[in-house]
Each structure stands twice: as C-alpha cells, then as structure tokens.
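Data first, discussion second: the structure below is written as structure tokens.
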C-alpha cells in the first residue's frame with residue numbers, strides 16, 4: 001500500500017511585535033487590535049528598554065514612536081542593524097506627513113503608521129513587515145549561496 005505524500009515544510013515562527021513608545025495608549029490600542037490573534041505583543045517605553053529587550057528576546061517587527069526623547073526612531077533603527085536578524089521597523093506618529101514618510105522609507109524603515117491606529121492598517125502593515133522579515137531570515141547567507149554555486 002502506498003503511503004500518502006507528505007511535505008515537511010518548516011512551521012514559520014509566530015508574528016512577534018515590540019511596541020516602543022513612551023505613550024501608554026499606544027500599547028493599549030495595539031493590544032486591542034492584535035489581542036484576538038496568535039501574535040505576541042511586547043512593550044518597551046524607552047529607547048534603553050527597547051535595546052535591552054531586543055538583546056534578550058528577538059522579535060520580527062518593531063513599532064516605534066517617532067520620538068523617544070532624547071532619541072528618535074532613527075537611533076533605534078541604527079541599533080537594530082547590529083542584531084543577527086534585524087526586525088523590520090515601522091515608525092508611528094500622529095504627525096505622519098509626507099516628510100516623515102520620505103525620511104523613514106529612505107533610511108530603511110519598513111513603513112509608517114499614522115495615529116490614531118486603524119485596525120486594518122496595523123494588521124496589514126505588520127503582516128507585510130513580518131513576511132518580509134521571515135523571507136529574509138529564511139534565506140541562507142549570500143556567502144553560502146555563492147560558495148554553493150561555485
């Protein structure tokens with residue numbers, strides 16, 4: 001008797017999101033939006049707190065308030081690049097104007113979310129950022145691909 005054909009594809013890791021904002025309402029709103037899902041949502045209210053968390057627990061997506069006095073999202077983004085698998089960073093702001101969008105995308109952020117948060121926009125943006133992170137994290141390093149092709 002023939003055995004059924006099985007595909008043993010790896011199970012992708014769950015979506016893990018770190019909200020970095022000094023504003024408590026940001027986390028509460030995000031918790032209400034993603035609370036129904038299997039996503040993991042974590043919170044840091046300061047720049048140093050976010051760095052400490054990210055060194056201890058990797059995440060796939062970071063939602064970062066534009067201003068984290070005395071730092072900004074740019075400082076956090078630059079520090080994320082030192083991680084082995086940097087998460088995608090999404091900038092959040094009540095003042096999400098064209099200038100912020102252009103700056104964020106040009107410097108490497110995944111996207112910008114305007115506040116107050118819209119449920120569908122948060123879900124769409126985080127999901128696409130996670131998919132990008134997962135695709136990037138699943139690829140072998142370029143050096144191994146070059147060596148194998150030789």
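The values are calculated or read from the model by the stated rules, or taken from the named source; none is laboratory data. This is a predicted model, so every value here is computed, not measured. Because the Cβ atoms are built from the backbone with ideal geometry, glycine has one as well, and the counts that use them run over all protein chains shown.
Annotations for the structure displayed:
- Test: residue in the stretch 19-30 that is touching a helix residue (DSSP H, G or I) at 6+ places or on another chain (Cβ under 8 Å), more than 19 Å from residue 119 (Cβ to Cβ) and surrounded by 16 or more Cβ atoms within 10 Å (Cβ to Cβ): yes
- Only one of the numbered conditions (1) part of a helix (DSSP H, G or I); (2) at pLDDT 95 or above; (3) surrounded by fewer than 19 Cβ atoms within 10 Å (Cβ to Cβ) is violated by residue 129, and that is (3).
- Residue within the stretch 59-67 that is more than 18 Å from residue 100 (Cβ to Cβ), in contact with a helix residue (DSSP H, G or I) (Cβ under 7 Å, 6 or more places away or on another chain) and surrounded by 14 or more Cβ atoms within 10 Å (Cβ to Cβ) present: yes
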